[in-house]
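The values are calculated or read from the model by the stated rules, or taken from the named source; none is laboratory data. Every value quoted in this text rests on a predicted model; they were computed, and no experiment measured them. Every residue, glycine as well, gets a Cβ built from its backbone with ideal geometry; the counts of neighbours run over all protein chains shown.
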Amino acid sequence: MLSVAQRPEAADEQRPTASRLFVRPRLTASISVWSCILFLAALVLLASAPGLVTEHEPNQTAIANRLEGPSIAHPFGTDELGRDVFSRVLHGARVSLVVAVGATGLALVVGIGIGLAAVWGARVGDVLLMRLVDVALAMPVLVLAMVLVVAFGSGIPSIVAALGLVSVPEVARLTHAQARAVSNAEFVTAAIAAGAHPRRVLLRHIAPNAVSPAIVYSAQIGAFAILIEASLSFLGAGLAPPTPTWGGILQDGYRILAVNPWPAILPGLVVTATVAAFSLLGDRVALRLNRKAQ
Amino acid sequence: MDTSYLLTRLLSGFVALVVLSVVVFFLLNVLPGDAALSRSVATGDRDSTERLRANLGLDKPIHERYVDYASDLLRGDLGRSLSTQVPVSQAIGERAKATVELAVLAGFVGITLGVFFGVLAAVHRGRWIDAVVVAVGSIGIAVPTFWVGILLVYLFSLELDLVPAAGYVPLTEDPMESLRLMVLPVATLSFWVMASMMRVTRSAFIEVMNEEFVRTARAKGLPPRIVIVRHTLRAALIPIVTLAGLQLGRIIGGAVIIENVFAIPGLGRLLVDSITSRDYITAEGVVLIIGATVIVINFVVDLSLRAINPSQGHA
């Protein structure tokens, strides 16, 4: 899934040999897109019904089976307490996916709102708001997220809120830039000239044409939210144990790295694959929309 | 560089700092259970809560508390740690060394390698080296940094026994040992930095390579090296420096997690420790210092961008 052809910049200009022109870019691109979709679909399915593939409970300890390597019974091995790491990863996927979807939704709603509001309001408000966004964009996201989680308290809703809020500045910036560009378009001038109420101009004419960059970006927000959630729980600043979270599982694995490396290595692969799948799909959608626009 | 730009930029940097202090103060002061409560819980002495609250000024309305807090800040007083009673500014001073060492080394290695490989990929576009750079770039931004750290510890420390797995010695105390201990953390952090720098450099470079002046330079028979370094790289420098500047903020954020993987007593570890032990005064100070550093770095980057490209209009 990491061939050259899938990268947007690389795909559009390659040497025009027959095979490259007609077969490879399309084919490898669609293979990589479909493998991402399949992987994410499988992950969603297994996260919602882990019982399909594993009979182990994520928090069920079994000291007799502790620190085992991968086997049919325990595909990812077992941790210090003899818990089945594969089952924990599937249950951890629930948290990650819920957080990704929730944070993305929140970031889109608030960010688009702010981006549009900045265009709608007076020039001073616009400048002020966008300066604030610049400040927020410059802050290290992980630090910001940690402060927000501390302020909101632990628990899934507060983590969703924190991870949604850290992506708001980027969404606001994207929406704002697009809305500024759109507000100079002829159809907007025409609507204003026709005497449309400013609110109508904003909501019916500018908004529908200003949200697409943010929507396209949403897959990246999801990918990002998964990474930051994992970092938070790795640091012990996310959901409290023993709730299985991807970061928490990796932290548990790291502690026993010297005796049994598998519980640290294999879950990390799943996290990486999930983030890569999200972000690759986002790239493809963006590329396709760009081509269409041209 | 005109003075009006400098003044506007200084002013907005200052505004950013004020906004930061307000946001951090209010976020950490809406917490359930204030400093007095958590301290008296820690000491098991509940009766003293009210007295402590008055002592710490926590009985005043929140806007008055902010004014007190801000005036302390201006005098460089970040308060005292709730758990150790050490002045926060002193704790930060002690811890900053390790973070600066990590961030500077990782920033230098990551940005240098990232620009180098990005240019290499752009020049050999469509060839195998480009494919490798693109693949590493995509993996690099999807992979959790701390997991890269774990893998490196497993491979180079536990399996091959080449470098120590964790620990820190100040550079001033024992330079060789300090650098040896820094190998893995710097490799981990700079891999991440390198990945995103490669992507940026590659696309910026490709864009410039399509410009007419590059074609002209090539057409008049200049050696490729001159075309690449003197013409293309120079023009591509603006987006590259802009993004390198943004990287520095991310490097500091990345240092927070890397320090916790490799047991480096830096600001990131101080932040995590203070948050998990509910020492919010310390957490507040660390967040402020990190934020202020990022704002100052961005200021410097903006100024150097103006120096590279004086024709750029007001940002």
Which of the residues spanning the range B:205-263 are of a type in the set (Phe, Trp, Tyr) and either within 12 Å of another protein chain (Cβ to nearest Cβ) or within 13 Å of the chain's Cα centre (by Cα) (or both)? B:205, B:262
Residues B:294, B:300: which one is in a helix (DSSP H, G or I) and at the interface with chain A (Cβ under 9 Å from one of its Cβ atoms)? B:294
Screening A:223, A:258 for residues that are touching a helix residue (DSSP H, G or I) at 6+ places or on another chain (Cβ under 7 Å) and without any contact (Cβ under 8 Å) to a residue 60 or more places away in the chain leaves only A:258
Quick one: how many residues across the range A:86-134 are of a type in the set (Gly, Ala, Ser) and surrounded by fewer than 22 Cβ atoms within 10 Å (Cβ to Cβ)? 7
From the option list B:143, B:148, B:169, single residue qualifying as more than 7 Å from chain A (Cβ to nearest Cβ), without any contact (Cβ under 8 Å) to a residue 60 or more places away in the chain, under 25 Å from the mean Cα position of the chain (by Cα) and crowded, with 22+ Cβ neighbours inside 10 Å is B:148
Exclusive hit being within 27 Å of residue B:270 (Cβ to Cβ) and in contact with a helix residue (DSSP H, G or I) (Cβ under 8 Å, 6 or more places away or on another chain), set A:182, A:150: A:150
Filter the range A:116-140 down to the residues that are closer than 21 Å to residue A:202 by Cα and within 10 Å of chain B (Cβ to nearest Cβ) and list them by number. A:127, A:128
Over the range B:156-166, the set of residues of a type outside the set (A, V, I, L, M, F, W, C), in a loop (DSSP other than H, G, I, E, B) and surrounded by 15 or more Cβ atoms within 10 Å (Cβ to Cβ) is B:164
Might you check whether a residue that is under 20 Å from residue A:233 (Cβ atoms), modelled with pLDDT of 90 or more and surrounded by 24 or more Cβ atoms within 10 Å (Cβ to Cβ) occurs anywhere in the range B:271-282? yes
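Results for (1) polar (S, T, N, Q); (2) modelled with pLDDT of 80 or more, shown as yes or no for each residue.
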residue	(1), (2)
B:53	no, no
B:57	no, no
B:61	no, no
B:79	no, no
B:83	yes, no
B:87	no, yes
B:102	no, yes
B:117	no, yes
Please give the helices (runs of 4 or more DSSP H) falling wholly within the range A:141-198 in which 1 or more residues are among the aromatic types (Phe, Trp, Tyr) and more than 14 Å from chain B (Cβ to nearest Cβ). A:186-193
Kindly indicate the residue of the range A:215-232 that is surrounded by fewer than 24 Cβ atoms within 10 Å (Cβ to Cβ) and among the small types (Gly, Ala, Ser) and also farthest from the other protein chains (Cβ to nearest Cβ) among those meeting that condition. A:218
